[in-house]
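First comes the structure, then the notes that go with it.
The values are calculated or read from the model by the stated rules, or taken from the named source; none is laboratory data. Keep in mind the model is a prediction, meaning the values are calculated, not measured. Reconstructed Cβ throughout: ideal geometry from the backbone, glycine too, with neighbour counts over all protein chains shown. Quick note on the areas: whole protein, heavy atoms, side chains included, nothing else; ligands and nucleic acids left out. Shrake-Rupley method; radii C 1.70, N 1.55, O 1.52, S 1.80 Å.
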Amino acid sequence: MERYRTRSADHPQRQQPERQQQPRRPAAPPIGGVPAQGGRPQPAPARRLPRARLTGLGGGLFACVAMTLVAGIAWLLFGGSLLAYGLLFLPVAAATALWVRPADLITAPISAPIAFAVGVWPISGGSGGFGAELMGIVSALSLHAGWLYGGTLISALIVVVRKAVLISRRRLPRRTA
């Protein structure tokens with residue numbers, strides 16, 4: 001591809017500044033972790049986990065699977081305690097809101113209550129036929145609506161803050177280096 005030049009070679013913006021020569025550092029780390037000049041050793045750079053980004057559907061599936069696992073844990077460890085289930089719903093709702101990608105932020109507060117309802121089925125206490133199971137789920141949802149509202153509120157607040165940060169970053173003037 002041909003590059004078009006509109007400024008002459010002696011124009012100030014086309015001239016490259018001369019780089020100053022900097023001394024090179026030794027390639028190998030010092031023996032024993034202590035630098036030769038007697039300074040403190042440099043700590044190794046911390047390894048960071050990759051930033052997980054879930055789509056809207058992926059966030060909903062993550063929340064549903066996580067809440068089903070939480071229900072199993074609550075059933076095994078706490079005898080099906082809906083209090084423990086509700087407490088563990090709060091971090092799942094927050095994690096879903098934090099891990100969903102920016103384009104799908106609106107899905108996090110929507111998928112959190114759906115996941116609560118999906119996960120409450122194993123520990124709802126319904127016995128017998130379909131009607132008894134359905135009544136167990138409805139009564140569990142109505143009796144523990146506080147946890148449901150709390151987790152949804154946490155998810156919605158995280159989404160609002162993330163969206164505000166995204167909008168403020170978009171409005172900042174971009175600088176060219």
Task: Output for segment 111-152, where each listed residue is under 21 Å from Trp99 (Cα atoms) and among the small types (Gly, Ala, Ser) - done: Ser111, Ala112, Ala115, Ala117, Gly119, Gly150, Gly151
Open item on the list: Looking at Phe116 and the list (1) within 18 Å of the chain's Cα centre (by Cα); (2) in contact (Cβ under 8 Å) with a residue 12 or more places away in the chain, which single condition is not satisfied?
Closed with: (1)
Task: Residue ID - modelled with the highest pLDDT, chosen from residues in segment 39-77 that are within 17 Å of the chain's Cα centre (by Cα), over 25 Å from Val120 (Cβ atoms) and open to solvent by 90 Å² or more (accessible area, probe 1.4 Å) - done: Arg53
Open item on the list: When the residues of segment 112-137 are narrowed to those that are modelled with pLDDT under 90 and among the hydrophobic types (A, V, I, L, M, F, W, C), which ends up nearest to Ala84 (Cα to Cα)?
Closed with: Ile123
TODO: Starting from residues that are hydrophobic (A, V, I, L, M, F, W, C) and modelled with pLDDT under 90, keep the ones in segment 139-165 and report whichever is nearest to Ala115 (Cα to Cα).
DONE: Leu141
Task: Residue identified as surrounded by 10 or more Cβ atoms within 10 Å (Cβ to Cβ), among the hydroxyl-bearing types (Ser, Thr, Tyr), in contact with a helix residue (DSSP H, G or I) (Cβ under 8 Å, 6 or more places away or on another chain) and under 20 Å from Gly79 (Cβ atoms) among Ser124, Ser139, Ser155 - done: Ser124
Task: Residues satisfying the stated conditions in segment 102-145, i.e. under 29 Å from Thr55 (Cβ atoms) and β-branched (Val, Ile, Thr) - done: Ile106, Thr107, Ile110, Ile114, Val118, Val120, Ile123, Ile137
Task: Matching residues in segment 82-107 - criterion: being open to solvent by 20 Å² or more (accessible area, probe 1.4 Å) and not in a helix (DSSP H, G or I) - done: Arg101, Ile106
